[in-house]
Amino acid sequence: MARYVKSDRFDERVKRALPPDERVRADRTLKRLGENPPPAEIELRPMEGQDGLLWEMRAGGANRFILRRCRDREGDYFLVEDVGSYERVEE
């Protein structure tokens, strides 16, 4: 199971970035990160060129979360840094 913690600035950022209906969808999607294992449809993956420090996952609709990989006494966890829209790049 992946642990996650919202950053101190996350709530303010999500209010600025997303309308109310998308905030609800994003919150539901974020809770799925805690499933064991995290479901494939949230598309959790490391961001290119970040050496595993920054990760991204779907936040519902055309939005994504930016997550920072951290570690404490209990082990690894994700710090939810930001949310907003993105253009999916098809390979």
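No lab work stands behind these numbers, since they all come straight from the coordinates. Just so we're clear, the structure is a prediction, and the values are computed from it rather than from any experiment. Heads up, the Cβs are rebuilt from the backbone with ideal geometry, glycines too, and the neighbour counts pull from every protein chain shown.
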Exercise for the section: Go over the candidates Asp21, Asp8 one by one and state the one that is closer than 25 Å to Arg71 by Cβ and either over 14 Å from the mean Cα position of the chain (by Cα) or of a type in the set (Lys, Arg) (or both). Expected result: Asp8
Handout entry: Enumeration of residues in the range 7-31 that are buried (at least 16 other Cβ atoms within 10 Å of the Cβ) and touching a helix residue (DSSP H, G or I) at 6+ places or on another chain (Cβ under 8 Å)
Key = Val14, Leu18, Arg23, Ala26, Thr29
Exercise for the section: Report whether or not Glu22 is in contact (Cβ under 8 Å) with a residue 60 or more places away in the chain and on the phi < 0 side of the Ramachandran plot. Expected result: no
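Residues of the range 55-77 being surrounded by 13 or more Cβ atoms within 10 Å (Cβ to Cβ) and over 21 Å from Leu18 (Cα atoms), which ones?
Arg69, Cys70, Tyr77
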